[in-house]
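Undergrad: To start, I am sharing the structure in question, which I have written as structure tokens.
The values are calculated or read from the model by the stated rules, or taken from the named source; none is laboratory data. Quick caveat: nothing in here was measured; it's all calculated off a predicted structure. Because the Cβ atoms are built from the backbone with ideal geometry, glycine has one as well, and the counts that use them run over all protein chains shown. When the accessible area is computed, the model is the full protein with side chains, heavy atoms only, and any ligands, DNA or RNA have been set aside. Shrake-Rupley method; radii C 1.70, N 1.55, O 1.52, S 1.80 Å.
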Amino acid sequence: MAATPAIKPFDFPDMFKEAGAAAIVVFALAFAMVGFRTEPVPGGLGITLRFADVAMASVIAFAGRIALILLREGRPFPVLLTTLPFAVILGALLLADQALASENGSGFEPVLPFSSPVVNWMIVIVAAVFAGRAAWAVRHARSTVTAEEREATMDRIGARVQQVARYAGPLLIGFALVLPFLPIADRRLLDIAILVVTYIMLGWGLNIVVGLAGLLDLGYVAFYAVGAYSYALLAQYFDMGFWVCLPFAGIMAAFAGILLGFPVLGLRGDYLAIVTLGFGEMVRIILLNWYKFTKGPDGISGIPRPSFFGLPFTRYPAEGTVSFHGFFGLTYTPLDRIIFLYYLILALALATNVFTLRIRKLPVGRAWEALREDETACRALGINPRNTKLTAFSIGAMFAGFGGSFFATRQGFISPESFTFIESAVILAIVVLGGMGSQIGVVLAAILLIGMPEFFRELHQFRMLAFGAAMVLIMVWRPAGLLAHREPTLRLSATKRLAKAVP
Amino acid sequence: MTMLSITGVHAFYGHIEALRGVDVEVKHGEIVTLIGANGAGKSTLLMTICGNPRAAKGRIVFDGEDISAKPTHEIIRSGIAQAPEGRRIFPHMTVMENLLMGAITSEPRYLDEDLEKVFALFPILKERREQRGGTLSGGEQQMLAIARALMSRPRLLLLDEPSLGLAPMLVKQIFSVIKAINAEQNVTVFLVEQNAYHALRLAHRGYVMANGRILMSGTGKELLANEEIRSAYLEGARDTKGRRS
């Protein structure tokens, strides 16, 4: 181990003062919010008092603050010595408690006063994180890694991942292609996979707008909604099928993008974000209130399912038609349709990806990226910023429209409920978390943000909490996103050809 | 024959009048330089030619066409290129991508030829063409900014302080390249500079600017020989109002 650095004189009263202040803040907040809980009792609402919880929270805040201060002051040893056993013992107790509870129906006396097991586990996790940081600090004696070095390291990791992605990409696609036929593929897994791929597609679509062109769009779900409703309404009023409506839905969404983009794309940064946020809400509220046309909050049901080149996925096809299993001589399973939907969204997502990869190499895609970097310089090069942004905006919207009509055909039922701001936030979070402009980053982030919560449904209450925590951590440690690394659009082999004639 | 004529141009930044009636003329095939102290309005004039800020009064005529009301991107497309103040290359894009951005308004069939030209002017850029713009040295970034501007096949090249912050050796190199661009590629150059000595030696004609007005004009040689200019801009002395030159 490295020699301990010279220890500065340490101000203990100050430490306790700071920790005490933190505890008081927690107490003040928790007293009202945690201390009193209203519960339905026969005949109305009753109040449960939970002062033990409040006291416990204050104590934990006090101890945690001291641990933080010690870490900050470069004294990781005491922190490591206390938090590690604490985390291990508490974790073991909780596990034992759970085991007992599942056997006997009741465990020990509650280990901690909190009624939610998740809160207990979070305390264990926080203690473990402290222990980990302390251990890290002990190992490095004092961290000499500056923020820039870390940034450079992370960029190198990002570059490495993208290099790997060139080989891993086809493997991943291969895996995605055979997934439905693997033994692990059941209905639940496929449903989750469809959901994840939908969000990957939306993430890739938004990546054009946010990642490439650098336009912060907080209302992306509006175009998703336009696509979904375009299909649903065309199907309902004109009896059109999915394959005919798909391009229409894309065009309608792109048109909506132009409609919104034309007046507002002169705005920069935050202003654009606010206007797009407003637009997203407007679309939802219009869908909600235009009852005659959209059936408002009742939504549209009975949206036709997609067919396989005209072959429906039904057990008993209507008179005079042939169903998918009949045509191919298969026995009917309801999974066929799910697998078909899976391949459909996979194809749409891959099309989005291929489009993005190709357009980056074309002048218009390069102009998007240049606009993100320096709008003034772009003007000086003769680029019309508004038109260029408009193309990015409407193309991004088009892919959302495709995604939306897929959503409508998969669900068979849509209502404005599905297109709330939180959807925009999730898609944006996928793009930001993955690293703006990084295609593989979007895949990772979508799996992380959509797949994980689906597998851990029981914890869904804490989803937004985990979201928030993840966003804060990303902003602190990696503001550009997990895998932010810009891959040049030209490689030496290509530039060689262009510059061959130079002596 | 006149290529660019600026007559009686006023321009504002908010309420501040940065240009107070400027007349400048640039003829075909010339190198014309505009010298003056910090804040005299030199960069503003260059920006006003490109329409940002717009000329509030007066006319800017390029090749017989009034461009003072056109949007920036159309002005650029009519044959003017600008290497803006502070270089403003795209830091995350490679040298090659930066150059391709410069060529975005010109026809693709000229691309190979133009690349060949700028690589001949700046061989270092050819070596660095895979490198990201932000990782270049200051001098290389300046070369890239000029090269990028040339990629649009301009007839008139506007340069804003290309010598700013460069080592003396590099300043010499940049100025000799500007001379080559003008002589060999038949590009008219309008050069804004604080480095009056180099600029006036290079230029056919020069203008001296202070407080948003043109004080003096003449051939490069005349201005270099002028006592007032020598004391105000060439010997680091103070001018009559006590401003640092």
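Undergrad: Which of A:ALA367, A:TRP136, B:GLN131 sits farthest toward the positive end of the charge dipole of the protein assembly as shown, with +1 on the Cβ of Lys and Arg and -1 on the Cβ of Asp and Glu?
TA: Checking the options against the dipole of the protein assembly as shown, the answer is B:GLN131.
Undergrad: Report in % the part of the accessible area of the protein assembly as shown that belongs to carbon and sulfur, leaving out ligands and nucleic acids; probe 1.4 Å. Can you show the working numbers first?
TA: Numbers: 23490 of 36630 Å².
About 64 percent, which is the carbon plus sulfur part of the accessible surface.
Undergrad: Counting DSSP beta bridges in chain B, what percent are antiparallel, to the nearest 5?
TA: On the way: 25 of 44 bridges.
That works out to approximately 55 percent antiparallel.
Undergrad: With solvent modelled as a 1.4 Å probe, how much accessible area in total do chains B and A shield from it at their shared surface, in Å² to the nearest 100?
TA: Working: alone 11840 and 27570 Å², together 36630 Å².
So the buried area, both faces added, is about 2800 Å².
Undergrad: Could I ask something else about it? Over chain A, what is the relative contact order in whole percent, taking alpha-carbon pairs under 8 Å and six or more residues apart?
TA: Details: 626 pairs, mean separation 101.9, N = 503.
It rounds to 20 percent for chain A.
Undergrad: So, one more: Please sort by residue number the chymotrypsin sites (Phe, Trp or Tyr not before Pro) in the stretch A:236-330 whose DSSP state is loop and whose Cβ has at most 13 other Cβ atoms within 10 Å. Intermediate results must be reported in sequence, preceding the final value.
TA: On the way: sites: A:TYR237, A:PHE238, A:PHE242, A:TRP243, A:PHE248, A:PHE255, A:TYR271, A:PHE279, A:TRP290, A:TYR291, A:PHE293, A:PHE308, A:PHE309, A:PHE313, A:PHE324, A:PHE327, A:PHE328; in loops: A:TRP290, A:PHE309, A:PHE313.
When the chymotrypsin sites (Phe, Trp or Tyr not before Pro) of the stretch A:236-330 are filtered for loop state and at most 13 Cβ neighbours within 10 Å, A:TRP290, A:PHE309 remain.
Undergrad: Over chain B, what is the relative contact order in whole percent, taking alpha-carbon pairs under 8 Å and six or more residues apart? If you can, show how the numbers build up before the last one.
TA: On the way: 471 pairs, mean separation 64.7, N = 245.
Dividing the mean separation by the residue count of chain B yields 26 percent.
Undergrad: Let me ask you something else. Give me the compactness ratio for the protein assembly as shown, meaning the Cα radius of gyration over 2.2 N^0.38 Å. Before the final figure, lay out the partial values.
TA: Details: Rg = 32.8 Å, N = 748, 2.2 N^0.38 = 27.2 Å.
Rg over 2.2 N^0.38 Å, computed on Cα atoms: 1.21.
Undergrad: To continue, here is another question. Would you check the accessible area of B:ARG201, probe 1.4 Å, heavy atoms only, in square angstrom rounded to 10?
TA: Accessible area of B:ARG201: about 150 Å².
Undergrad: Could I ask something else about it? Could you work out which residue, out of B:ALA232, B:ALA199, B:ALA147, moves most in a Gaussian network model of chain B, that is, has the largest mean-square fluctuation with Cα springs under 10 Å?
TA: Top of the fluctuation ranking is B:ALA232.
Undergrad: Measuring with a 1.4 Å probe in the full set of protein chains, what accessible area per residue, in whole Å², belongs to chain A?
TA: Numbers: 26180 Å² over 503 residues.
So chain A comes to 52 Å² accessible per residue, rounded to a whole number.
Undergrad: Once both axes come from the Cα atoms, what is the angle between helix B:111-121 and the longest principal axis of chain B, in degrees from 0 to 90, rounded to 10?
TA: With rounding to tens, the tilt is 60 degrees.
Undergrad: Compare the Cα positions of B:ILE16, B:ILE80, B:PHE122 along the charge dipole of chain B (+1 at Cβ of Lys, Arg; -1 at Cβ of Asp, Glu; about the Cα centre) and return the one farthest towards the positive end.
TA: Farthest towards the positive pole: B:ILE16.
Undergrad: To the nearest 10 square angstrom, what accessible area does A:ILE184 show with a 1.4 Å probe?
TA: 110
Undergrad: Please list, in chain and number order, the residues 5+ apart from B:GLY218 or on another chain whose amide H is under 5 Å from its amide H, with Hs placed from the backbone.
TA: B:GLY206
Undergrad: For the stretch A:320-357 and the stretch B:63-120, what is the separation of their C-alpha centers, rounded to whole Å?
TA: 48
Undergrad: Still on this model: Relative to the longest principal Cα axis of chain B, at what angle does helix B:168-184 sit, 0 to 90 degrees, rounded to 10?
TA: Once rounded, the angle reads 80 degrees.
Undergrad: Let me ask another. Please list, ordered by chain and number, the residues whose modelled amide H lies under 5 Å from the amide H of B:HIS92; skip anything fewer than 5 residues away on the same chain.
TA: Amide H neighbours of B:HIS92: B:GLY134.
Undergrad: A further question on this structure: Please get the size of the charge dipole for the stretch A:283-426, origin at its Cα centre, with Cβ charges of +1 on Lys and Arg and -1 on Asp and Glu, quoted in debye to the nearest 20. Mind dumping the intermediate values first?
TA: Working: 15 positive and 9 negative charges, 57 e Å.
Using only the charged Cβ atoms, the result is roughly 280 debye.
Undergrad: Which value, in debye to the nearest 20, describes the size of the charge dipole of the stretch A:144-289 about its Cα centre when Lys and Arg Cβ atoms bear +1, Asp and Glu Cβ atoms bear -1, and nothing else is charged? Don't skip to the answer; put the middle values down first.
TA: On the way: 8 positive and 10 negative charges, 49 e Å.
Result for the stretch A:144-289 is approximately 240 debye, rounded to the nearest 20.
Undergrad: Only helical DSSP H runs with n ≥ 4 go in: add -39500 (n - 2.57) per run for the protein assembly as shown, normalise by residue count and round the 222 nm mean residue ellipticity to 500 deg cm²/dmol.
TA: Values: 29 runs with 419 residues, N = 748.
Computed ellipticity for the protein assembly as shown at 222 nm equals -18000 deg cm²/dmol.
Undergrad: Report the longest stretch of chain A that contains none of the GluC sites (Glu not before Pro) sitting in a DSSP loop with at most 14 other Cβ atoms within 10 Å. Don't jump to the answer; show the numbers that get you there.
TA: Values: sites that count: A:GLU73, A:GLU319.
By the stated rule (loop sites, at most 14 other Cβ atoms within 10 Å), A:74-318.
Undergrad: Sequence-distant or interchain residues sharing an amide H contact under 5 Å with A:MET240, placed H: which?
TA: A:ALA235
Undergrad: Among B:LEU46, B:LEU166, B:LEU150, which one shows the highest mean-square fluctuation when chain B is modelled as a Gaussian network with alpha-carbon springs under 10 Å?
TA: For chain B, modelled as a Gaussian network with Cα springs under 10 Å, the answer is B:LEU166.
Undergrad: Just which residues of the stretch B:87-105 lose 20 Å² or more accessible area with every protein chain there, against their chain alone, with the probe set to 1.4 Å?
TA: Output list: B:ARG88, B:PHE90, B:HIS92, B:MET93, B:THR94, B:MET96, B:GLU97, B:LEU100, B:MET101, B:ILE104.
Undergrad: Determine ³J(HN,Hα), in whole Hz, for all residues of the stretch A:296-305 in sequence, where each value follows from phi through the Karplus function 6.51 cos²θ - 1.76 cosθ + 1.60 and θ = phi - 60°; x replaces Gly and Pro.
TA: Values, residue by residue: x, x, 5, x, 10, 10, x, 6, x, 6 Hz.
Undergrad: Using a 1.4 Å probe on the heavy atoms of the protein chains only, list every residue of the stretch B:107-126 that has 30 Å² or more less accessible area in the complete assembly than in its chain alone.
TA: Residues passing the criterion (a loss of at least 30 Å², heavy atoms only) are B:ASP112, B:GLU116, B:LYS126.
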